[in-house]
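Below you'll find the structure, written out as structure tokens, and then a few comments.
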Amino acid sequence: MNALQGQHIYLRALEPEDLEFVYALENDTSVWEISQTQTPYSKFLIRQYLDNAHQDIYEAKQLRLAICKNDSFEAIGLIDLYDYDPKNQRAGIGILIQNPENRHQGYGHQALELLIHYAFEHLFVHQLFATIATTNQASISLFTTFGFHCVGIKKDWNFNHGIFSDEALYQLIR
């Protein structure tokens, strides 16, 4: 069985055909708060990023995968390992399902389950971490379902829409 294949979704490497999807997602201002983005990305920059998406996680220190329904090649979201640190055997993990109609369908749950397993069994990480806004109850619920524990709160960490907000650090140790 493919390590990145689930019952309803699979994870795959990014392809040049994902240009429009990644462009739309990176420029969706409603998710900039989650991704810490402050400026739009050009198609040129996204194309360059996709051209280099073949880089090994050891070289790029990140792995971004498309989340796809089993019956389609079209991406419905992205899931990332970032700040990969092979020496200390840890990585950050983040997930975003683009369209609201695909949220709360179990796709994010299955994608996170697959990537956690992949990180522990194939990359041999010792721990995963996620930074989540304390107001993002959907993400907190998703990550805690897999045993992530809140290990700290960064007070007034993010400034969005004229308001400072707290961010929590969640950690899963193998």
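The values are calculated or read from the model by the stated rules, or taken from the named source; none is laboratory data. Model, not experiment: these values are computed from the prediction. Quick reminder, even Gly has a Cβ in these numbers, built from the backbone with ideal geometry, and neighbours come from all protein chains shown. Heads up: the accessible areas ignore ligands, DNA and RNA and are worked out on the full protein's heavy atoms, side chains in. Shrake-Rupley method; radii C 1.70, N 1.55, O 1.52, S 1.80 Å.
Tell me the net charge near Q89. Cut-off is 14 Å between Cβ atoms, Q89 excluded, with +1 for each Lys or Arg and -1 for each Asp or Glu.
Local charge sum for Q89: +1.
What does the C-alpha gyration tensor say about the overall shape of segment 60-119? Classify as rounded when a/c is under 1.5, otherwise prolate if a/b is larger than b/c, or oblate. Prolate, since a/c reaches 1.5 and a/b exceeds b/c. Among residues other than C68 whose Cβ falls under 13 Å from its Cβ, what is the net charge (Lys/Arg +1, Asp/Glu -1)? Charge balance in the 13 Å sphere: -3.
In the assembled protein chains, S42 presents an accessible area of approximately 50 Å² (probe radius 1.4 Å). Overall form of segment 51-94: prolate. Here a/c, set by the Cα gyration tensor axes a ≥ b ≥ c, is 1.5 or more, and a/b is the larger of a/b and b/c. Pairs of lysine residues in the chain that meet both criteria, 8 or more places apart or on different chains and Cα atoms under 28 Å apart, total 7. In sequence order, segment 55-70 has phi-based couplings of 4, 5, 4, 5, 8, 7, 6, 7, 9, 10, 10, 7, 9, 10, 5, 4 Hz under the Karplus curve 6.51 cos²θ - 1.76 cosθ + 1.60, θ = phi - 60°, and Gly or Pro positions carry x. Local charge for Q171 was computed over the other residues whose Cβ lies under 14 Å away, with Lys and Arg +1 and Asp and Glu -1, and equals 0.
Taking amide H positions as modeled 1.01 Å from N, with prolines and chain starts lacking one, the residues under 5 Å from A168 and 5 or more places away or on another chain are I132, A133, T134, K154. For the chain, modelled as a GNM whose springs connect Cα atoms under 10 angstrom apart, the maximal fluctuation among T145, T131, T39 occurs at T39. Farthest towards the positive end of the charge dipole of the chain, among the residues H8, N136, Q98, is the Cα of N136, using unit charges on the Cβ of Lys, Arg, Asp and Glu.
Would you please name the chymotrypsin sites (Phe, Trp or Tyr not before Pro) within segment 52-138 that are DSSP coil residues with at most 12 other C-beta atoms within 10 Å of their C-beta?
Within segment 52-138, the qualifying chymotrypsin sites (Phe, Trp or Tyr not before Pro) (loop, at most 12 other Cβ atoms within 10 Å) are F73, F124.
Rounded to the nearest 10 square angstrom, L45 shows an accessible area of 90 square angstrom against a 1.4 Å probe. Surface composition of segment 1-121: carbon and sulfur make up 48 percent of the accessible area, probe 1.4 Å.
Contact order, relative form, for the chain: 18 percent (alpha carbon pairs under 8 Å, 6 or more residues apart, mean separation divided by residue count). What whole-number volume per residue, in cubic angstrom, does the convex hull of the C-alpha atoms of segment 98-159 give? In segment 98-159, the Cα hull volume divided by residue count equals 115 Å³.
Computed per residue of the chain from DSSP H runs no shorter than four, each worth -39500 (n - 2.57), the mean residue ellipticity at 222 nm is -7500 deg cm²/dmol.
Overall form of the chain: rounded. Here a/c, set by the Cα gyration tensor axes a ≥ b ≥ c, is under 1.5.
Pick out, in residue order, every one of the trypsin sites (Lys or Arg not before Pro) in segment 63-131 that is DSSP loop and has at most 10 other C-beta atoms within 10 Å; say none if there are none.
Those satisfying the criteria are K87.
Counting heavy atoms of the protein chains alone, K43 has an accessible area of about 80 Å² for a 1.4 Å probe. In a simple Cβ point-charge model (Lys, Arg +1; Asp, Glu -1; nothing else charged), segment 1-141 has a dipole of about 280 debye relative to its Cα centre.
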